[in-house]
Amino acid sequence: VDFPMETVSRNFSGLYSLDFTPVVHNELDENAPLATVIDSGVFSGNPLLSAIIVGEEDFDSTENTTSDLNGHGTGVAGIVAYGGFPQIFDENPVFKPLVRICNGKVMHDDGHGNPVYSSLSEKRPEQIVKEAIEHFHEHYHCRVFNLSSGDLDYIYSGGRQMAWAGMIDQIARELDIVIIVSAGNQYPELPDFDNRDDLCEKVRNQLLNPEHRLIDPATSALAVCVGSITRSATTDVRTGITAIAAGDVDTMSVFTRSGKGVNNAVKPEFVDYGGNYSVAQITRGRCGWRENDRLLMEPSANITTDKSFKGFVGTSFAAPHVTHYAARLERSLEAQLDEAPSSNLIRAMLASAAVCPEALSSWAENAVDASYTGEKMQKSENRLRLVGYGKIDESILFSKSNDPKNVTLFAEEELSLRSLHLYKIPVPSEFMKIKGTKRISIGFAYNPPTRMSRKEYIANSLFVEVFRRTDAENLLNF
């Protein structure tokens, strides 16, 4: 089939071409947002990253360099710094970093293109990660960390918390920091299908299967867990291979993992762009997954000097989108409060800015869990297991002073056990009278003690209820 050339040129991303040199406009100073990438290192020779790396340390000691020889950490760092890169852009785009980077190298390349932890080290991976977090918190005062790795041998099937996640919870509470982790990837089974709609429906349902459950440390109670959704459903026809995307735009990626976490916690809390797979015919009558379709991947920084960009796919590249928001939010709140905001406040405001569009919500609710034996569909349960609270909307998170459409109120309190606290939300009369699309979103976060020695991992719990058209006296009497 001869595809019209205008379709190709309109959709193909020029970011990956050899002759594309990014123009970087760096305005970051020493007070700019900061986040640490705990990964396979960062390649500082990339012009997108060369001027924004604040500190580097090698905790892996295998390759004897802080530089990234694999590419995974550099791809993560690019998204943390810039918040992602558009697939379709102006002819002469200018790239502006918004977050500075600390490079904590904890992995190395295994010789086959995979980032791995050292098998020769006397320390377990979680111990190495802990040392990296403590180092950059102490020496660079960093409070936002991205960890896009996990242990595929430990899949959460309910019950007790896993060791790596337990360490994450302990250090997050002790240091009052925000740690963003990826949900993990699972290479999906390719089902038999009759058409594309049938394929999309079957791979969606697979996400609720046991093999797609979260891995350690994605079940961490106090960390933020991120799953992957698709940005594009347009396949690259320039390769000469006809393929169909396995998911529509803004639906869950076929490789992502689903929750819930310990004590039925909502995990992953958020989703963001992490790429898509396509299906292509390998031989007559036989199809296979195509993981490297450049139009379906997330572009980010590359580890070579000949090409600045490379395509990536996986929940590893969904998590840094949220890390980018968290780092910017941390500094924005600090400027308003004149002191460092708590990790609770940051997590609560991320949640209050999350939106689950109707199309994505309906898509998730209609999933079929093969292991569910009840009569009624668990629509809300399916949505929370797959999508969590949805995707963070930047326009809500960073409302501008001259924009009356979004207003955020926040408060912090400390509650003793078996007590309650009332928050009265002032609602302007204009909000009630004017017709149109509007909402009040309430984000709520707390950091309870965790205990590995008991079955009840989270030591205590809180709940929130919303009441309308009443006052504090009547509510207390009630």
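Within the range 26-61, the residues that satisfy the criterion of being open to solvent by 20 Å² or more (accessible area, probe 1.4 Å) and outside any loop (DSSP other than H, G, I, E, B) are I53, V54, E56, E57, D58. All of A81, A77 fail the test of being under 15 Å from G311 (Cα atoms) and assigned to a helix (DSSP H, G or I), apart from A77. Search the range 273-324 for residues being of a type in the set (S, T, N, Q) and not in a loop (DSSP other than H, G, I, E, B), and hand back the single one that is most open to solvent (accessible area, probe 1.4 Å). Residue satisfying both the conditions and the ranking: Q281.
Among the residues of the range 62-71, are any in a loop (DSSP other than H, G, I, E, B), farther than 27 Å from M297 by Cβ and in contact (Cβ under 8 Å) with a residue 12 or more places away in the chain? Within the range 62-71, one or more residues are in a loop (DSSP other than H, G, I, E, B), farther than 27 Å from M297 by Cβ and in contact (Cβ under 8 Å) with a residue 12 or more places away in the chain. Here the helices (runs of 4 or more DSSP H) wholly within the range 104-214 that include at least 1 residues being closer than 29 Å to N366 by Cα, open to solvent by 20 Å² or more (accessible area, probe 1.4 Å) and without any contact (Cβ under 8 Å) to a residue 40 or more places away in the chain are 196-206. Checking each residue in the range 362-398 for being within 18 Å of the chain's Cα centre (by Cα) and either open to solvent by less than 20 Å² (accessible area, probe 1.4 Å) or among the polar types (S, T, N, Q) (or both) picks out A364, L386, V387, G388, G390, I392, S395, L397. Filtered by the rule that a residue be open to solvent by less than 100 Å² (accessible area, probe 1.4 Å) and part of a loop (DSSP other than H, G, I, E, B), the range 430-439 gives G436, K438. The one condition from (1) under 30 Å from I392 (Cα atoms); (2) of a type outside the set (F, W, Y); (3) within 24 Å of the chain's Cα centre (by Cα) that P47 does not meet is (3). Quick one: is L462 among the hydrophobic types (A, V, I, L, M, F, W, C) and surrounded by 10 or more Cβ atoms within 10 Å (Cβ to Cβ)? Against the criterion (among the hydrophobic types (A, V, I, L, M, F, W, C) and surrounded by 10 or more Cβ atoms within 10 Å (Cβ to Cβ)), L462 qualifies. Take the range 440-453 and flag every residue that is over 18 Å from V407 (Cβ atoms) and surrounded by 10 or more Cβ atoms within 10 Å (Cβ to Cβ). Correct list: A445, Y446, N447, P448, P449, T450, R451, M452. Scan the range 232-270 for residues that are more than 30 Å from A221 (Cα to Cα), touching a Pro at 6+ places or on another chain (Cβ under 9 Å) and open to solvent by 10 Å² or more (accessible area, probe 1.4 Å) and jot them down. Residues satisfying the conditions do not exist here.
The values are calculated or read from the model by the stated rules, or taken from the named source; none is laboratory data. The shown structure was predicted, so the numbers you read here are calculated from the model rather than taken from an experiment. Ideal geometry is used to build each Cβ from the backbone, glycine not excepted, and the neighbour counts take in all protein chains shown. Only protein heavy atoms, including side chains, enter the accessible area calculation; ligands, DNA and RNA are left aside. Shrake-Rupley method; radii C 1.70, N 1.55, O 1.52, S 1.80 Å.
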